[in-house]
Amino acid sequence: MLKNVLLFDGQPICDDLRLVMFDKDGTIIDVHHYWVSMIALRARKFATRYCEPGASHHHFEETLMDAMGVDLATNRLKAEGPVGIKPRKFIVETVAKTIQALRKVDPTAEEIEEVFQEIDLETAKDMRPLLRLLPGVQNFLNQCRAHDIQMAIVTTDIAPRAKAAMESLQLGHYFQAIVGSDQVRDSKPAADLAQLAMKLCGTSPFASAMIGDHLVDVLMGRNSGVSCSIGVLTGLADSQTFQGTGCHVVESLEQLSIQQRP
């Protein structure tokens with residue numbers, strides 16, 4: 001009986017692959033373009049709501065963007081996040097504390113989440129300007145589908161937002177499960193997201209692989225017992241980030257392929 005073998009530069013790294021789990025930001029889409037755009041929109045909305053009339057919004061917006069994880073010198077996400085790594089609840093709390101320090105007001109988590117949802121709704125009308133597909137993604141997804149390998153998204157983003165992004169890219173039909181941090185108790189690096197994806201797909205850890213651009217992704221893979229974890233360098237991490245984790249490190253998904261073997 002033929003098995004689906006996952007290859008890295010032509011060398012087998014998983015002998016019986018039935019499910020591939022992907023992080024979203026930095027693995028499927030360009031994390032810097034997406035989140036810097038979203039964070040700028042959030043910061044502008046908060047400045048409009050909380051700055052005094054006539055006051056300059058520039059410092060307020062930049063301070064919020066920095067707190068949410070934008071390196072203002074490079075206009076890219078910081079490797080340590082928090083956006084792109086921490087769950088939404090953590091980002092909400094960070095924004096509330098930052099606004100409190102800036103304005104001596106005490107916004108509730110519900111008020112911050114309300115603004116997040118306003119931005120979500122505004123951008124959901126057309127997410128395409130926020131989304132850039134990373135190299136090798138389309139081809140690898142096609143290979144997995146051609147070999148009847150199930151696919152899942154496991155992300156610290158909320159599930160509805162992740163689903164909307166995949167639909168905007170016309171990729172939604174590739175995935176049997178899209179799991180967000182709003183659906184589990186503990187987000188990455190805990191095993192919860194991966195375990196839920198495997199449960200929904202009816203697949204064991206021994207036949208599953210995890211691909212992500214950050215240390216928390218491969219640690220989640222290890223914590224959930226998958227047979228293969230892969231760190232990809234298209235997002236927030238460099239090769240040193242993954243040292244000592246036992247994962248494979250690829251420049252992009254272009255280095256991965258599927259082949260059927262006995």
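Taking the chain as a whole, which cysteines find no other cysteine Cβ under 4.7 angstrom from their Cβ?
C51, C144, C201, C247
When the convex hull of the C-alpha atoms of region 1-83 is computed, what volume per residue in Å³ does it have?
Output value, Cα hull per residue: 118 Å³.
Quick one: in region 32-129, what % of C-alpha pairs are over 16 Å apart?
When all Cα pairs of region 32-129 are counted, 53 percent exceed 16 Å.
Label A79 and L133 with points 7 Å out from Cα along Cα→Cβ: what is the distance between them in nm?
Distance between label points: 2.9 nm.
Measure nothing but the geometry: give the 0 to 90° angle between the long axis through the Cα atoms of 88-103 and the longest principal axis through the Cα atoms of the chain, rounded to 10°.
That works out to roughly 20 degrees.
What residue among K188, K78, K199 shows peak mean-square fluctuation when the chain is described by a Gaussian network model with Cα springs under 10 Å?
Among K188, K78, K199, the largest mean-square fluctuation in the Gaussian network model of the chain belongs to K199.
Any idea how far apart K97 and A190 come out in nm if each label point goes 7 Å out from Cα toward Cβ?
Calculated label separation equals 1.9 nm.
If each residue's Cβ is checked for other Cβ atoms within 10 Å, how do L219, L72 rank with the fewest at the top? Intermediate values should be presented prior to the final figure.
On the way: L219 20, L72 12.
Lowest to highest Cβ neighbour count: L72, L219.
Which one, [x] -0.41, -0.50; [y] -0.66, -0.76; [z] -0.46, -0.57, gives log10 I(q)/I(0) by the Debye sum over Cα atoms at q = 0.09, 0.10 Å⁻¹ as derived from the coordinates shown?
Correct label, based on the coordinates given: [x].
Could you work out how much longer the chain between H58 and K125 gets when fully extended? Use 0.36 nm per residue separation minus the Cα distance between them, nm to one decimal.
That pair, H58 and K125, stretches by 21.4 nm at full extension.
Need the full-extension length gain, Q260 to D16, defined as separation in residues times 0.36 nm minus the C-alpha distance. One decimal, nm. Write down the numbers at each step before the final one.
Values: separation 244, 0.36 × 244 = 87.84 nm, distance 0.93 nm.
Stretched out fully, the Q260 to D16 stretch lengthens by 86.9 nm.
With runs of 4+ DSSP H residues as the only contributors, calculate the mean residue ellipticity of the chain at 222 nm using -39,500 (n - 2.57) per run, divided by the residue total and rounded to the nearest 500.
-12500 deg cm²/dmol
Defining a contact as two alpha carbons under 8 Å apart and six or more residues distant in sequence, what relative contact order in percent does the chain show?
28 percent
Read the figures in this text as sums done on the coordinates, not as results from a lab. This structure is a prediction, so every number in the text was calculated from the model and none was measured. Methodologically, a virtual Cβ is constructed for each residue, glycine included, from the backbone with ideal geometry; neighbour enumeration extends over all protein chains shown.
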